[in-house]
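Comments concern the structure below.
The values are calculated or read from the model by the stated rules, or taken from the named source; none is laboratory data. Because the structure is a prediction, the values reported are computed rather than measured. Virtual Cβ from ideal backbone geometry, glycine too; neighbours counted across all protein chains shown. Heads up: the accessible areas ignore ligands, DNA and RNA and are worked out on the full protein's heavy atoms, side chains in. Shrake-Rupley method; radii C 1.70, N 1.55, O 1.52, S 1.80 Å.
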Amino acid sequence: TISMNLTHIKDLVARQNTTITPPFVLDSPEKCLLGRKHWVEHEWQNFDYKYNSDGFRTLYYDSGIVAVGDSFTEGWGTPIEQQYTKHIGKDVINLGVDGAGNDTIADIVNWSVNKFNPHTVIVMYSYFHRYNGEKQFQADCTNDYQNALRFIKAVNSIRETCERYHSLNTKVKLIETCIPDDLYLEDEIDIIDNIIPNRVRYEQIDTARDGAHFGPNTVKLIGEELAKYC
């Protein structure tokens, strides 16, 4: 059962009303996958990770659009004004959380539909191996069958949520996409292709300063692509 109360996720609660200034852990020269030079010379520098009272790196708008996902949605290594949601051309409530698995994403979708009554929900699905542990985000589950079942369950939960709730007697529009394909296993791509054949597709053409997450050109590309459906 997907809960509508996010206070049980201590990783999310820990972010509430905080501001963190890089470099730290994942976002640092030492952790850059392309090396210190790439990190230091990247055009994105000197920004903070500021989280609101619910633990999300976003402002709330009366726009009717929410986006949910993991660090690729939150914008890891990226200034807040360069999240891909900033390039859609409309105000979007960005509910990305780094470390979130697909069951967490389903949880947040349920919570956000109740809280914001949106007409459009954008979901960028995460890794299969991540999951909600005991009140915290966990990863590296090696049971491929269990991972697949968990992903399918999360997708179905999100779709049921969007079908169940209405805004002005209109069904919530669900726009589905995924993190870059090369981050999934081949069998996982087959599952995604079968379950979400009409997902919004894009190509990651550059990276953030950590050498992994979306770069300046990719966020614009994704925003422009999603704008066609919002």
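Do you know which residues across the stretch 52-78 are over 15 Å from the mean Cα position of the chain (by Cα) and free of Cβ contacts under 8 Å to residues at least 60 places away in the same chain?
Hits for the stretch 52-78 are 52, 53, 54, 59, 60, 61, 62, 63.
For the stretch 143-179, name all the residues that are polar (S, T, N, Q) and open to solvent by less than 60 Å² (accessible area, probe 1.4 Å).
Selection gives 147, 157, 161, 167, 177.
Can you name the number of the only condition in (1) open to solvent by less than 60 Å² (accessible area, probe 1.4 Å); (2) at negative phi that residue 99 fails?
Of everything listed in (1) open to solvent by less than 60 Å² (accessible area, probe 1.4 Å); (2) at negative phi, residue 99 misses just condition (2).
Applying the selection to the stretch 19-39, what residues are open to solvent by 40 Å² or more (accessible area, probe 1.4 Å) and in contact (Cβ under 8 Å) with a residue 24 or more places away in the chain?
19, 20, 21, 26, 31, 33, 34, 38
To keep it simple, each residue is scored yes or no on (1) in contact with a strand residue (DSSP E or B) (Cβ under 6 Å, 6 or more places away or on another chain); (2) surrounded by fewer than 24 Cβ atoms within 10 Å (Cβ to Cβ); (3) within 15 Å of residue 20 (Cα to Cα); (4) not small (Gly, Ala, Ser).
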residue: 43; (1), (2), (3), (4): no, yes, no, yes
residue: 82; (1), (2), (3), (4): no, yes, no, yes
residue: 95; (1), (2), (3), (4): yes, no, no, yes
residue: 103; (1), (2), (3), (4): yes, yes, no, yes
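Please list, ordered by residue number, the helices (runs of 4 or more DSSP H) wholly in the stretch 126-230 having 1 or more residues that are in contact with a Leu (Cβ under 7 Å, 6 or more places away or on another chain) and either without any contact (Cβ under 8 Å) to a residue 24 or more places away in the chain or under 24 Å from residue 83 (Cα atoms) (or both).
By residue number, 144-164.
Which numbered condition in (1) over 21 Å from residue 175 (Cβ atoms); (2) open to solvent by less than 10 Å² (accessible area, probe 1.4 Å); (3) aliphatic (A, V, I, L, M) is the only one that residue 68 fails?
For residue 68, the failing item is (1).
Checking the conditions here, which among 182, 190, 206, 140 is open to solvent by 20 Å² or more (accessible area, probe 1.4 Å) and touching a Gly at 6+ places or on another chain (Cβ under 9 Å)?
206
Tell me which residues, restricted to the stretch 79-112, are touching a residue at least 40 places away in the same chain (Cβ under 8 Å) and more than 23 Å from residue 159 (Cβ to Cβ).
Answer for the stretch 79-112, where residues must be touching a residue at least 40 places away in the same chain (Cβ under 8 Å) and more than 23 Å from residue 159 (Cβ to Cβ): 82, 83, 86, 87, 89, 98, 99.
I'd like the full set of residues that are outside any helix (DSSP H, G or I) and open to solvent by less than 40 Å² (accessible area, probe 1.4 Å), limited to the stretch 112-125.
Scanning the stretch 112-125 gives 118, 120, 121, 122, 123, 124, 125.
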